[in-house]
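Below is one structure, written out as structure tokens; the observations come after it.
The values are calculated or read from the model by the stated rules, or taken from the named source; none is laboratory data. Quick caveat, the model's predicted, so the values are computed rather than measured. FYI the Cβ positions are ideal-geometry reconstructions off the backbone, even for glycines, and counts take in every protein chain you see. Heads up: the accessible areas ignore ligands, DNA and RNA and are worked out on the full protein's heavy atoms, side chains in. Shrake-Rupley method; radii C 1.70, N 1.55, O 1.52, S 1.80 Å.
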Amino acid sequence: AKARGRNGYQLYAPSMDGDGAERLRMEGLLRRAIERDEIRLHYQPQVDIETGRLTGAEALVRWHSPELGHVPPVRFIPLAEDIGFIGQLGAWVLEEACRQVVCWEAAGLYVPKIAVNLSGRQFDRGSLAPLVARVLADTGLAPQRLQLEVTESVIMNTADALQYINDLHALGVELAIDDFGTGYSSLAYLKQLPVQTLKIDRSFIKDIPADKDDEAIAIAIVQLGKSLDLAVIGEGVETAEQAAFLLRHGCRRAQGYLYGRPMAPGELLDTWREDDAG
Ligand code: C2E
Ligand code: CA
Ligand code: CA
Ligand code: CA
């Protein structure tokens, strides 16, 4: 945006337009959101389609700001990345999620795996594996119960991604490729990665069964997973028909509104603990 200076020159002043000012305000609020206790995690169940049993949960961050209201993660995660706050936020998320699984267990709900999203910027410095190691040690969570989700684009756009991923793998944690099919990872590269799970992006699931191309892509990803001996999770499953489609084509695991929206930890406990008992 341009603003006219006193002397009549056009000055580039990004913070002077509406978006810039709004962004600056949000930045200030975001930096204080953790200490002001405005950040929470919600958890979305992941299930075995055939048995209906809980196989894991994905942690999804939520920000409720008294000033801004509910801000969706697609707005504040990129901002956190830009302003160098993602390291702090990501560390908080990781620690909170691992702590939560241990809490649920004490309360009588066993959640086999906890999935945590990683941002590309968290790979920037070599401090990620030490952080993960410390959180596992502090919480006592078994490493194989932590599944870190990274997107293909993060892997392809991060220098030394393979090395960082190998460092994480050496700790015994699992890795999943998120939004699979939307990025550019070459299959040869995929073969080198110590990854255990592919998550079929919601965009290929949402129009099943109407869109035959999407069906073909989903089937191809399941086949690829089979060939490379990887688990496959269908994301964004909203209908029983979509779940049946996945199961029919050999994908046993799903996540989506059909099984539950992301919810507060107490709600997950109530829903799934009672389910276990019954
Ligand atoms: P994602 O990792 O692909 O997460 C799945 C998103 O799809 C979530 O949106 C979830 O609420 C939504 N979803 C799940 N099932 C369904 C469904 O059946 N139908 C529809 N329409 N949507 C469904 P959410 O929570 O708004 O998160 C958006 C994105 O923000 C995430 O996409 C992830 O990329 C990012 N994100 C969320 N939490 C974190 C975090 O703690 N760290 C990082 N780095 N990124 C995060
Ligand atoms: Ca994810
Ligand atoms: Ca995803
Ligand atoms: Ca996504």
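Specify which of the listed residues (Y189, Y184) is of a type outside the set (S, T, N, Q), away from ligand 2 (no atom under 15 Å from the Cβ), in contact (Cβ under 8 Å) with a residue 12 or more places away in the chain and open to solvent by less than 80 Å² (accessible area, probe 1.4 Å).
Y189
Give me a count of the residues in the stretch 28-53 that are closer than 18 Å to D178 by Cα and open to solvent by less than 10 Å² (accessible area, probe 1.4 Å).
4
In the stretch 218-269, which residues are of a type outside the set (D, E), open to solvent by 60 Å² or more (accessible area, probe 1.4 Å), free of Cβ contacts under 8 Å to residues at least 60 places away in the same chain and out of contact with any helix residue (DSSP H, G or I) (no Cβ under 7 Å at 6 or more places or on another chain)?
Result: Q223, K226, S227, A240, R248, Y257.
Can you tell me which of E58, E67, E35, E50 is acidic (D, E), in contact with a Leu (Cβ under 8 Å, 6 or more places away or on another chain) and within 25 Å of W104 (Cα to Cα)?
E50
Find all pairs meeting these conditions: Cβ atoms under 7 angstrom apart; at least six residues apart or on different chains; first residue within the stretch 71-93 and closer than 28 Å to L136 by Cβ and part of a loop (DSSP other than H, G, I, E, B); second residue basic (K, R) and at pLDDT 95 or above.
Partner pairs satisfying both residue conditions: F85/R31.
Among the helices (runs of 4 or more DSSP H) contained in the stretch 181-278, which hold 2 or more residues that are under 20 Å from the mean Cα position of the chain (by Cα) and not basic (K, R)?
Filter on the stretch 181-278 gives 202-205, 212-227, 265-277.
Looking at the stretch 201-210 only, could you name the residues that are away from ligand 1 (no atom under 11 Å from the Cβ) and open to solvent by less than 50 Å² (accessible area, probe 1.4 Å)?
F204, I208, P209
Results for (1) within 16 Å of ligand 4 (Cβ to nearest atom); (2) touching a His at 6+ places or on another chain (Cβ under 7 Å); (3) within 30 Å of A240 (Cβ to Cβ); (4) basic (K, R), shown as yes or no for each residue.
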position: L54; (1), (2), (3), (4): no, no, yes, no
position: V74; (1), (2), (3), (4): yes, no, yes, no
position: E81; (1), (2), (3), (4): yes, no, no, no
position: E95; (1), (2), (3), (4): no, no, no, no
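Hey, can you tell me all the residues within the stretch 55-79 that are open to solvent by less than 30 Å² (accessible area, probe 1.4 Å) and away from ligand 2 (no atom under 16 Å from the Cβ)?
W63, S65, G69, V71, L79
Has the stretch 64-85 got at least one residue that is away from ligand 3 (no atom under 16 Å from the Cβ), of a type in the set (F, W, Y) and at pLDDT 95 or above?
yes
So, P130, is that one out of contact with any Leu (no Cβ under 7 Å at 6 or more places or on another chain), surrounded by fewer than 19 Cβ atoms within 10 Å (Cβ to Cβ) and modelled with pLDDT of 95 or more or not?
yes
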